[in-house]
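**Q** Once you've had a glance at the structure underneath, I'll fire off some questions.
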There are 2 protein chains.
Amino acid sequence: MRLSSQTGRPLSPPRVIQQTNKRISLILRGSGKDARLPILKSITDYVVSSGGKRIRPLFTYYLGNAHGLSANELIDLGALIEIVHASSLLHDDVIDGADERRSRPTASKLHGNKVAVLAGDHLLSTGLKHLNTFGNQSYMDIFTHAIRALSAAELLQMEYQYNLKTTEDIHDRVIEGKTAVLFEAAGALVAVMRGERNPYASETAKLGHLFGRYFQLRDDYLDYFDSERLKKKGLQDFTGGIVTRPLMKLLQTADRTEKNLIHAQWPGRGRQTSAVDANRILSLMRKHRIDVDCAAELEALEKQILRGLSALPGAAAREVISREFQKILAVRAA
Amino acid sequence: MRLSSQTGRPLSPPRVIQQTNKRISLILRGSGKDARLPILKSITDYVVSSGGKRIRPLFTYYLGNAHGLSANELIDLGALIEIVHASSLLHDDVIDGADERRSRPTASKLHGNKVAVLAGDHLLSTGLKHLNTFGNQSYMDIFTHAIRALSAAELLQMEYQYNLKTTEDIHDRVIEGKTAVLFEAAGALVAVMRGERNPYASETAKLGHLFGRYFQLRDDYLDYFDSERLKKKGLQDFTGGIVTRPLMKLLQTADRTEKNLIHAQWPGRGRQTSAVDANRILSLMRKHRIDVDCAAELEALEKQILRGLSALPGAAAREVISREFQKILAVRAA
């Protein structure tokens, strides 16, 4: 167990983000002739500057800080989780001919599929090479497990794309592999740092898992009911043929006529998606109070997470993590 | 140092291939719910049954056997090198809209780009997860280094695609990253198993490097002068806009009129490649004796490799490895 002063004030969120970005740059800067490849420099800059909310490094840092662990190592591990996340986004952005209609300003759009794939590979291997310098077999196991789960979940999601019979069990497995796994990894890494034998059975890993689950279910909720908060067009899951909780719940309660309407709107492989009438789907959702129902599921999960956070030992970090994550957590029915 | 009986007969090549295939299946079989994903099963079967010549596992096994190392660990490491190789092939097969004309029966053609990418990720992470069970930091370093080099070399090659000014230095870096690196990794792993401090400086790593270099230069040679041996249509590098040794040498000796002819035939980004007149390019090559020149370069390299092989300690393995690899090595000017 490497415990630094449990009472030391944690860094502020902007400072954690700044330090994380610096660390990501350092790790990816690379060495030798590769570093001079313009495309790698451009992808590295893209990963560092596009930034996102750095929610995974923030989670890693505060969770570890609450347990009095070394900031330096937490920032490093958080940066590595973010690198894995960025690599997986690059690979998810790869598109097939038929999908090119859904235009997004992704790396694969800017540089082509192949560059996106290879840049993702480069990020990932550079990250793993750095991780290996820790010489910690458990860290490596947590990362390879997570990377494996990410690809399996994406494949599972593709397998069930356009399939209105997607079950809650399938959807749960997708959520766990796609999103929960990297937060769970953060919790498991903290458990390893604390010297716990069974990192995935730890409270921190469980908290990470719940948090990641919440994070994805919230995204799925907002896609239907408050897409402005995601800064994107709504019903992307529906038009992309991805069945999530709201649609699953609607299909469970809709009558035969309503089901026919949903089926008529539902896109198929190679079928135009512009035909979706968002207002009709949304009014069906509201009629059956799916928004209220989904928000209630989120609230129950939120309570569980806040209970977990309140059990963390370090008061100062506990305060920041609860405050920061309540900003994300708070989703109420409109 | 783990030395088993140095005098024990090595396994026959078909037996090494059989054991390698068995090991690849075992490693990739996976566990839990993922294994039931039909697409993963199909990709695993594809990797195991498509097989290829398993030249990397054979090289790993005989190199290690010549040093009296454990067959079990050599087969495992060879299987892992092959998994990394298969994963990198899946990622190289990813195509962009404009390239779809060049039809090849690749995974990306069969299942789409995205499946090829995710299956590659899954192979790679499953392989690394298994590698991590060795708990050997040096092994992991060699693998992450190689994976990084593979993606960097592919990016470098893309950067210089269609560029007739590609230099020998650039081409060497591509060859080293694309092909030499996995043979070099085999040699470095054997060096680690033998307890050498500096695996990349070892004779086995140098031999691997030379061998990989030879293997790629030979492919580049055959693409122009004996493509039947590769069981594919010739001049694929030319029509794909990739500058290799033969073209580089031709450009160095061609006169102005001939250079204009080459430039006129050379494909550009988005330009049709069907215009290439293979016979004209080949007759220019033969006129300038580029085939003889390239074969001489290969022969010099071949001698260096055979010298390296003859210095291996284990007589029986040395015999097999020299015999097997001479089958590949022998390239003579037609």
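**Q** I'd like the full set of residues that are in a helix (DSSP H, G or I), surrounded by fewer than 19 Cβ atoms within 10 Å (Cβ to Cβ) and more than 13 Å from chain B (Cβ to nearest Cβ), limited to the stretch A:140-190.
**A** A:GLU168
**Q** Looking only at helices (runs of 4 or more DSSP H) that lie completely in the stretch A:1-108, which have at least 2 residues being at pLDDT 85 or above?
**A** Numbers: elements: A:13-29, A:38-50, A:55-66, A:71-92.
Output list reads A:13-29, A:55-66, A:71-92.
**Q** Just a yes or no: is a residue in the stretch B:189-204 within 20 Å of B:ALA300 (Cβ to Cβ) and out of contact with any strand residue (DSSP E or B) (no Cβ under 6 Å at 6 or more places or on another chain)? Steps first, please.
**A** The initial filter retains those residues of the stretch B:189-204 that are within 20 Å of B:ALA300 (Cβ to Cβ), namely B:203.
Within this subset, residues satisfying the condition of being out of contact with any strand residue (DSSP E or B) (no Cβ under 6 Å at 6 or more places or on another chain) are B:203.
Yes, the conditions are met somewhere in the stretch B:189-204.
**Q** Next question. List every residue pair whose Cβ atoms lie under 8 Å apart, where the two residues are 6 or more positions apart in sequence or sit on different chains, the first residue falls within the stretch A:15-26 and is closer than 11 Å to A:VAL48 by Cα, and the second residue, located anywhere, is basic (Lys, Arg) and outside any helix (DSSP H, G or I).
**A** Partner pairs satisfying both residue conditions: A:ILE17/A:ARG54; A:THR20/A:ARG54; A:ASN21/A:ARG54.
**Q** Could I ask something else about it? Out of the stretch A:131-169, which residues are over 22 Å from B:LEU123 (Cβ atoms) and acidic (Asp, Glu)?
**A** Matches in the stretch A:131-169: A:GLU168, A:ASP169.
**Q** Hey, does the stretch B:31-38 have a residue that's within 11 Å of chain A (Cβ to nearest Cβ) and buried (at least 17 other Cβ atoms within 10 Å of the Cβ)? Before the answer, list the steps.
**A** So in the stretch B:31-38, the residues within 11 Å of chain A (Cβ to nearest Cβ) come out as B:31-38.
Checking the rest, the ones that are also buried (at least 17 other Cβ atoms within 10 Å of the Cβ) come to B:34, B:37.
Yes: the stretch B:31-38 contains one or more residues that are within 11 Å of chain A (Cβ to nearest Cβ) and buried (at least 17 other Cβ atoms within 10 Å of the Cβ).
**Q** Quick check: is even one residue across the stretch A:271-286 aliphatic (A, V, I, L, M) and part of a loop (DSSP other than H, G, I, E, B)? Can you show your working first?
**A** So the first thing to find is which residues in the stretch A:271-286 are aliphatic (A, V, I, L, M), and the list is A:275-276, A:278, A:281-282, A:284-285.
Narrowing the set further to residues that are part of a loop (DSSP other than H, G, I, E, B) leaves A:275-276.
Yes; the residues of the stretch A:271-286 include at least one that is aliphatic (A, V, I, L, M) and part of a loop (DSSP other than H, G, I, E, B).
**Q** On to the next question. Out of everything in the stretch B:113-133 that is surrounded by fewer than 23 Cβ atoms within 10 Å (Cβ to Cβ) and more than 7 Å from chain A (Cβ to nearest Cβ), what residue ends up being farthest from A:LEU118 (Cα to Cα)?
**A** The selected residue is B:THR133.
**Q** Another question, then. Which condition number does A:ARG197 fail, the rest of (1) modelled with pLDDT under 95; (2) within 21 Å of A:GLN304 (Cβ to Cβ) being met?
**A** (2)
The values are calculated or read from the model by the stated rules, or taken from the named source; none is laboratory data. The shown structure was predicted, so the numbers you read here are calculated from the model rather than taken from an experiment. Neighbour counts run over all protein chains shown; Cβ positions are idealised from the backbone, glycine included.
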